[in-house]
Structure formats: structure tokens, C-alpha cells
Amino acid sequence: MSNIGSYEARVKDFNWKMAEVELGYGNNGKYNIGYYCSDRICEMGNGTKAALTWEGYTGETKQYTFDDVRIYSNSFATILRETGLEIGDRICVFMDRIPELYISFVGILKMGGIVQPLFSAFGEDALVMRLEDAKTKAIISTRKHLGKVRRIRSMLPELLWVIVVDAGDRPLERGEIAFSMEQAPKVDTIEIANVGPETPSVLHYTSGTTGKPKGALHVHSSIVAQAITSKWVLDVRPDDIYWCTADPGWVTGTSYGIIGPWANGITQVVLDAGFSANKWYAFIEKHKVTVWYSAPTAIRLLMKEGLEPVSKHNLSTLRHLISVGEPLNAEAVIWSEKAYGKPFHDSYWQTETGSIVISNYPGMKIKPGSMGRPFPGITAAVLNPKTYEPIQTVGTVGLIGLKPGWPSMFRMYWDNKETYDKKFHNGWYICGDRSSIDSEGYYWFVGRDDDVINTAGHLVGPFEIESALLEHPSVAESAAVGKPDPINMEVVKAFIALKPGFVRSDDLTMDIMNYIRKRLSPLAMPQEIEFVDSLPKTRSGKIMRRLLRAKEWGEEIGDISTLEND
Ligand code: PRX
């Protein structure tokens, strides 16, 4: 029997108070996520249980118990306090998937800081944009990424400290602190910041169509939704070995790669290495993974490798498989059933929702290709894009809307109330995705309602790419759109009009691609560049990305006036 039991019965009975009671949230006036992810698990007698088994790319492994997480996160909280950082200060974690990333995340929350996770592959422009916006006070990082941080430091007057977790005795510059989690004096007890349920906790940047990336601000009570969805959707149980393949630079890697599993006292495993089917299967076999939360791009890569590597490994420990981030094709669900004897269960949510809002639940009939049904406690609908009224007709496509009020919903876009307000209409939060609902209440994803590019499950904003492209000496104007890709769903394609004096060439193409990879990230790098004489524009001069995109997807362009959305 799964944790959720009967979906229908849960929907009928559910209220968020029950989820609070289940977690003991607020007992003795305690609301801090950091406490619930470490101290509370130890208080319940599970201090010696493994919290994290980590494996690096060389195969080296390290293990940390919940008591280790408790103590080491105390050490992080202490050093942060000693530097003068306070409740509400933004503290960025900018590391590969090393143990310090997971444990400092808990430590920052314990001292009341707002954790700002940034993907370690981000380049200097991507970093500056997000650190400037958040007025980040400190960064926790490693030597590997210190060069990038040093090069942008002078542009960030608010940044007081850079804490380097692997500096050893190496010389550091002013404002940099060497701090080794394992060598620092052990701090058995600290005063955990006495935050309330509405105190900000995590700030995740996400891309939109226009403007800079936006910081979705979450609060400590988000844990109530993250814990219950981990239990009911991911179906985690006390003896599980849980593997979330997402990087904590993205929301899946924090909501379900740190908070959800640890709030439930679950052992999780982390592989800090690149992808290969054999490596992944060997990892599952070695660590006896039981619950696996991954993404369609990874599943498609595994499908490409076929059944042979599957047959070489013992994957019989796998009990429950879940996917997120992009549409999960029906073929992938059917293939996983053949390969692993278990279907992947699709789940849908966003940085802004903070936790899973629509999903296929264990024990419920899966319809391959459908995202499933709303989580109990979430009121969802598909809305008419003009009136924002729920569409009653089965199968009609509209905008996914959610009734505000669940605990993990973002509370604001950092310093950007205007954009935040635009996400709400007629009492609904508008996700920005299109879907239909069938006669049994299952949601069928159709596509995004904006120009954001979803590549391998990661959202990339065209504006950010276009702004960076304009900094390249050869580029006069540009447009970035998503083009279909059999593995990554979409990849970035850039249309570029060159400045006079520049000649189209393969060398220039490579140079521009590398420029974006370094300045932003490998994900944002255009996989294809098409040089054009000029770009299609609306009467008011706005570049018509949708026209370019439609061509890439072989879609009907139709009435161009509808594309001129300005
Ligand atoms: O477009 C939807 C897509 O990813 C977007 C959210 O991305 P992000 O905020 O980066 O969070 C990703 C992980 C939660 C959504 O607006 N998306 C997410 N899950 C699915 C999906 N598209 C189709 N099917 C899904 N299951």
C-alpha cells in the first residue's frame, strides 16, 4: 500500500493543517526548515541514520548521518553569524553537488539567512545578474568556481564575504574566508533562528520571456507542502534510499533534493558526476536505490542506450520512479515499464509553486502522456485565456491556473512586485502553461504560453541570451528561440544579424557559441546559429520571436497580427 492510499479519499479529506500536524510543524513554536531537516530527525532518535551518501566523479564516496548534518550545519550557521550576517541576508550557494552544498543550505536556514542557490555552471553574466538583483551579501563556493566570483566581485558592492569551503592553506584575497566544514570545530548546539512560518527561506531565480531572471521567494512554511508531497507523490518510506538526480541550482534539487526527503528523515544519495547510462545504473545498483526522481531528458538518454546496459545491472531495488521538468512522452512511460518493470510517474510543478501540484500517484491508474491530477489541497483548473474563467468542456486547451494559498507557493518575485502581480488573474495564479483536462480529471500538457526555452528541463530566458549576444562585438541584433531536439526537447537556436564589417563564417559561429557558454552557461549556448540580414519585427519594432519559433517547429504561422503581442 502506498503512502497516499486512495487519491479520491485524500482529496475529500485533505486540509493543509493535517499536513502541518503530520510534520509536527509549529510544535513548540518551531518553524525553521533547518531544524526540521536535521535536529528534529535526531530528536526522533534517527541521528545515526544516514542522511546523505555522496559519490564524486572519481567514485570516491562519503557518508553523513543526520547527526553529522545537524552538527556541520551548526558550524556553517556559526561562521555565517560570526561574519556578521543576519536574518534575511541573501547567502548564495555556488558549488558543484558536493556535500557542503547540501549541508550549508541547511546551515544558512538555521541562522535565518535566505538561501540563494545558483547553478555552478553559470558564467559571469548569469551570476552578476542574479547576485546584483538579490543584493547578495555572501557566497559559499569552492576553489573551482572562485575565479568567476573574483572577476565579478568589483561589480557587486553589496557582496561582503566569499566563503571558500576547500581553500586549505592557500592564500585568499580580502573578503574571502577559508572554512572547512569537517575541520572546523564541531558545534553541538546553536540557537536556531526563531523564524516564523512566513519568514523568507529560499530565493530561486527563474527565467521569463521578458526582462531579467526573477527571484521566486519562498518561506519557511513551504516545508509543509514539500514534506507531504514527498511522502504522497514520491512515496518515500523510512527504509528508502532516495535519489533525486536534479542539481540544487534548480528548484527540484532543493525542494526534493534537500528539504522534502530530509524533513521525512530519508536517506538520500547524490552522484556528482556527468551522465552515462552505465554509471547511473551502477550507482543505483551499488547504493540500492529504491525511489528515483529524474527527468524526461535523462530518461530519453537512457532509452537511447537501450536495454543492454539495463540487463547488466541489478536494478531490482527500484520501487517507485517519478519524473519532472518537461513533458514525459508516453513512449518513455511504456519503455520504463519494459526496462525497469516500473513506469515513470509524471509530476508537474514550477519554481514558483515550490512543490508538486499535479501528478500521477502511486497506485493510481497512469495514463501515459498525461501529467496526472492535482495534488489534494491544490485547486487547479484550465482557464480561458481571455476571461480567466475555468473551461468546463473536456479536452479544450486553456491556461493552467491554481488557486493561491498552498504553503510552498512563492510569496513574491524579489524586488519585482509588478511582474508578480501580473501572474494573477481573476483569483487564479497563472502558471504560464497550456493544458487540457480529460473526463477523468487528468491534465494533458500542451506547451508553454510564452517564449521561454525548456532545454533538458531547464528554463532559459531568451532575453538573457539576446542581451549577452548583443555584447558580442559582431552582433547587431538577435533573437533566441527554442528549436525541437529529440533528446533535450528543445535547444537554443539564435538568429543573428551581423554588424557591418563582419562576415558569416564557421569560426564566427563557434566564437559566438563559446561566448554564450562562458558568459551564461552551457545550457544557454545556442546549438545552432542562423545568420540573417534582418529579423522580423512588429510595427513597433519588437522582434517577433514567435514567428521564428513557429518556423522551427513547422507550425502554422497563421495570422501574423496575432503574433504581434505588443
Ligand atoms: O513549462 C513547465 C515545465 O517546466 C516549467 C517549470 O520550470 P521550473 O520553474 O524550472 O521548474 C522545473 C521543475 C519543477 C513549467 O512551467 N514542466 C515542469 N514539469 C513538467 C513541465 N512540462 C510538462 N510536463 C511536466 N511534468
For this session: Answer yes if at least one residue in the stretch 368-376 is in contact with a Lys or Arg (Cβ under 8 Å, 6 or more places away or on another chain) and modelled with pLDDT of 95 or more, and no otherwise.
Result: yes
Exercise. Is the stretch 212-229 home to any residue that is without any contact (Cβ under 8 Å) to a residue 60 or more places away in the chain and over 30 Å from Lys422 (Cβ atoms)?
Worked result: no
For this session: Kindly provide the set of residues from the stretch 237-266 that are away from the ligand (no atom under 16 Å from the Cβ) and open to solvent by 10 Å² or more (accessible area, probe 1.4 Å), ordered by number.
Result: Arg237, Pro238, Asp239, Ile241, Asn264
Problem set entry | Leading residue by the ranking (surrounded by the most Cβ atoms within 10 Å (Cβ to Cβ)) among those in the stretch 392-404 that are in contact (Cβ under 8 Å) with a residue 40 or more places away in the chain and part of a loop (DSSP other than H, G, I, E, B) | Val397
Problem set entry | Hits in the stretch 323-363 (condition: modelled with pLDDT of 95 or more, away from the ligand (no atom under 13 Å from the Cβ) and either more than 24 Å from the chain's Cα centre (by Cα) or of a type outside the set (Gly, Ala, Ser) (or both)) | Glu331, Ile334, Trp335, Glu337, Lys338, Ala339, Tyr340, Gly341, Lys342, Pro343, Tyr361, Pro362
Seminar exercise, completed: Taking the stretch 161-175 and keeping residues touching a Ser or Thr at 6+ places or on another chain (Cβ under 7 Å) and open to solvent by 70 Å² or more (accessible area, probe 1.4 Å) leaves Trp161
For this session: Output the residues belonging to the stretch 374-387 that are part of a loop (DSSP other than H, G, I, E, B) and either of a type in the set (Gly, Ala, Ser) or outside the structural domain of Ile228 (by TED's automatic domain parsing) (or both).
Result: Gly377
Exercise. Which of the following residues is assigned to a strand (DSSP E or B), of a type in the set (A, V, I, L, M, F, W, C) and under 25 Å from Gly59 (Cβ atoms): Val270, Val310?
Worked result: Val270
Exercise. Within the stretch 54-73, is even one residue buried (at least 23 other Cβ atoms within 10 Å of the Cβ) and hydroxyl-bearing (Ser, Thr, Tyr)?
Worked result: yes
Exercise. Can you find a residue in the stretch 470-478 that is polar (S, T, N, Q) and outside any loop (DSSP other than H, G, I, E, B)?
Worked result: yes
Problem set entry | Qualifying residues in the stretch 180-223 (those that are touching a strand residue (DSSP E or B) at 6+ places or on another chain (Cβ under 7 Å) and assigned to a loop (DSSP other than H, G, I, E, B)) - the one nearest to Gly457 (Cα to Cα) | Ser207
For this session: Evaluate the following for Arg151: is it modelled with pLDDT of 95 or more, touching a Cys at 6+ places or on another chain (Cβ under 9 Å), in a helix (DSSP H, G or I) and under 24 Å from Asn514 (Cβ atoms)?
Result: no
For this session: Report, by residue number, each residue of the stretch 297-325 that is open to solvent by 20 Å² or more (accessible area, probe 1.4 Å) and touching a residue at least 40 places away in the same chain (Cβ under 8 Å).
Result: Arg300, Leu301, Lys304, Thr317, Arg319, Gly325
Problem set entry | Residues satisfying the stated conditions in the stretch 347-373, i.e. assigned to a strand (DSSP E or B) and open to solvent by 10 Å² or more (accessible area, probe 1.4 Å) | Tyr348, Arg373
For this session: Tell me, please, whether a residue that is surrounded by fewer than 23 Cβ atoms within 10 Å (Cβ to Cβ) and within 26 Å of the chain's Cα centre (by Cα) can be found in the stretch 103-112.
Result: no
Exercise. If you take the residues in the stretch 268-296 that are open to solvent by less than 10 Å² (accessible area, probe 1.4 Å) and in contact (Cβ under 8 Å) with a residue 60 or more places away in the chain, which one is farthest from the ligand (Cβ to nearest atom)?
Worked result: Phe283
Problem set entry | Matching residues in the stretch 296-325 - criterion: being among the small types (Gly, Ala, Ser) and closer than 15 Å to Pro343 by Cβ | Ser323
Problem set entry | Which listed residue is away from the ligand (no atom under 15 Å from the Cβ) and under 21 Å from Ala330 (Cβ atoms), from Ile496, Ile487 | Ile487
For this session: Only residues that are touching a helix residue (DSSP H, G or I) at 6+ places or on another chain (Cβ under 9 Å), open to solvent by less than 30 Å² (accessible area, probe 1.4 Å) and within 24 Å of Val460 (Cβ to Cβ): list them for the stretch 126-144, please.
Result: Ala126, Leu127, Val128, Leu131, Thr136, Ile139, Ser141
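The values are calculated or read from the model by the stated rules, or taken from the named source; none is laboratory data. Remember, it's a predicted structure, so these values are computed and weren't measured experimentally. Heads up, the Cβs are rebuilt from the backbone with ideal geometry, glycines too, and the neighbour counts pull from every protein chain shown. Areas reflect the complete protein model, heavy atoms only, side chains present, ligands, DNA and RNA absent. Shrake-Rupley method; radii C 1.70, N 1.55, O 1.52, S 1.80 Å.
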